[in-house]
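Asks: Structure incoming, see below.
The values are calculated or read from the model by the stated rules, or taken from the named source; none is laboratory data. Keep in mind the model is a prediction, meaning the values are calculated, not measured. Ideal geometry is used to build each Cβ from the backbone, glycine not excepted, and the neighbour counts take in all protein chains shown. Protein only, heavy atoms only, side chains kept; ligands, DNA and RNA dropped before computing areas. Shrake-Rupley method; radii C 1.70, N 1.55, O 1.52, S 1.80 Å.
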Amino acid sequence: MATTTNYGWTTPDDTALVKDGASAIRSLGTSVDTTTKNLNPETTLGDIAYRSSTANVKTRLPIGSTGQILTVSGGVPTWAAPAAGGGFTQLASTTPSTATTSFTTISGSYKHLCLIFQDVYASSDNQALTLTLNGISTSTYSYARIYDSAGTYGSSNAYATTSIAMAGVSASTTATDKAVGVIWFYNYAGSGSKSVDWKLVYNRSTAGSFFVMGEGFNTTANAISQIDLTVGAGTWSGGTMTLYGVN
């Protein structure tokens, strides 16, 4: 019997008799039905078919769940939860009330850390805000910063110092004397020096508004597990400091 080129369906020969037609049609119909089903195994709305290792046969991939993404595992498509990435996970939040606010036992399972200042202020006017990592107070820090000090622009830097001097902080003399901003700790759990990037805006009712931004680092190769933020005199008096792990 003759067969088709692609799927090998049986068809009548040119010399076949008319009486063989019904049988030939049934054979051809069965072959078409079988092949069509092999190529269309879906049974449910949203199913996807992909080529299997068997020629002319596809495999049904059932519809996934809400929120899943289509990915590849073991060389075939599959549904899976999306990989963590770009998300912020709150690790700690505090209302600072002492001279030093500390974040300790920080998990090392994220890519970066982000510390948010929200309406933070101190009890004494224009005191330095300094930062140390892992309780280290030796001369292993360096930094550079630029600032707009109530309309006066400037910069400062330090090499081999015992902390990173980030800014002055406002007093609690008025409700407007608050600081807002962000501090980033990049690749905090990796090897090599630990970098710090910050941007802060704050007010002093006696002198106006201030903006400061800078970069600093500590030469320790250890993962950051502790962050200490200290005012030069007095104490922190309010606001919120929130630490996030970032992937």
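Asks: Once Lys and Arg get +1 and Asp and Glu get -1 on their Cβ, which of SER102, ALA80, THR130 lies farthest toward the positive end of the dipole of segment 45-160?
Replies: ALA80
Asks: Let me spell out the model: positive unit charges on the Cβ of Lys and Arg, negative unit charges on the Cβ of Asp and Glu, origin at the Cα centre of the chain. What dipole size does that give, in debye rounded to 20?
Replies: Approximately 180 debye in magnitude.
Asks: As an exercise, use a Förster radius of 35 Å and the Cβ-Cβ distance of THR78 and ASN134 to find the FRET efficiency, rounded to the nearest 0.05. Don't skip to the end; give the middle numbers.
Replies: On the way: r = 42 Å, r/R0 = 1.20.
That gives a FRET efficiency of 0.25.
Asks: If packing is taken as the average count of other Cβ atoms within 10 Å, what order do 232-241, 149-158 fall into, highest mean first? If you can, show how the numbers build up before the last one.
Replies: Values: 232-241: 16.8, 149-158: 11.8.
So the peptides 232-241, 149-158, ranked by packing, come out 232-241, 149-158.
Asks: Please give the contour-minus-distance gain from LEU45 to SER155: 0.36 nm per residue of separation, less the Cα-Cα distance, rounded to one decimal in nm.
Replies: 33.3 nm
Asks: Over the chain, what percent of the accessible surface lies on carbon and sulfur atoms, probe 1.4 Å?
Replies: Values: 7020 of 13230 Å².
Accessible surface attributable to carbon and sulfur in the chain totals 53 percent.
Asks: Can I ask one more? Sorted by accessible area (1.4 Å probe), largest first, how do TYR110, TYR186 line up?
Replies: Result, largest first: TYR186, TYR110.
Asks: For segment 21-144, what are Rg and Dmax over the alpha carbons, in angstrom?
Replies: Computed over the Cα atoms of segment 21-144, radius of gyration and Dmax are 30.9, 103 Å.
Asks: Pairs of Cα atoms under 8 Å, at least six residues apart: use those to get the relative contact order of segment 143-189, whole percent. Display every interim value, and only then the final one.
Replies: Numbers: 28 pairs, mean separation 10.9, N = 47.
Relative contact order of segment 143-189: 23 percent.
Asks: Quote the relative contact order of the chain in percent (integer), defining contacts as alpha-carbon pairs under 8 Å separated by 6+ residues.
Replies: The value is 24 percent.
Asks: Among (1) 28; (2) 53; (3) 21, only one was calculated for this model; which label is it, if the read-out is percent of Cα pairs over 29 Å apart?
Replies: (2)
Asks: If you don't mind, another one. For an R0 of 41 angstrom, estimate the FRET efficiency from the Cβ-Cβ distance between SER124 and THR66 and round to the nearest 0.05.
Replies: After rounding to 0.05, the efficiency reads 0.15.
Asks: Net charge around TYR188, counting only other residues with Cβ within less than 14 Å of its Cβ (Lys, Arg = +1; Asp, Glu = -1)?
Replies: Net charge in that neighbourhood comes out at +1.
Asks: If you build a Gaussian network model of the chain, linking Cα atoms that sit under 10 Å apart, which residue out of LYS194, LYS58, LYS111 swings the most?
Replies: Between LYS194, LYS58, LYS111, it is LYS58 that shows the largest mean-square fluctuation.
Asks: Under a point spin-label approximation (7 Å from Cα along Cα-to-Cβ), what is the ALA175-ARG26 distance to one decimal in nm?
Replies: Inter-label distance under the simple model: 9.2 nm.
Asks: For ASP47, what charge total do you get from the other residues with a beta carbon under 14 Å from its beta carbon, if Lys and Arg give +1 and Asp and Glu give -1?
Replies: +2
Asks: Moving to a separate point now. In degrees between 0 and 90, to the nearest 10, how far off the longest principal axis of the chain does helix 21-39 point, with axes built from Cα atoms?
Replies: 10
Asks: Among ALA233, GLY245, THR176, which residue has its Cα furthest toward the positive end of the charge dipole of the chain, with +1 on Lys/Arg Cβ and -1 on Asp/Glu Cβ?
Replies: Most positive-ward Cα: GLY245.
Asks: I've got another one for you. Please find, in a Gaussian network model of the chain (springs between Cα atoms separated by less than 10 Å), the residue of SER137, SER170, SER31 whose mean-square fluctuation is greatest.
Replies: Of SER137, SER170, SER31, the most mobile in the Gaussian network model is SER31.
Asks: Continuing with the same structure: Report the label-to-label distance for ALA233 and ALA144 in nanometres (one decimal), using points 7 Å from each Cα along the Cα→Cβ vector.
Replies: Computed distance between label sites ALA233 and ALA144 equals 3.1 nm.
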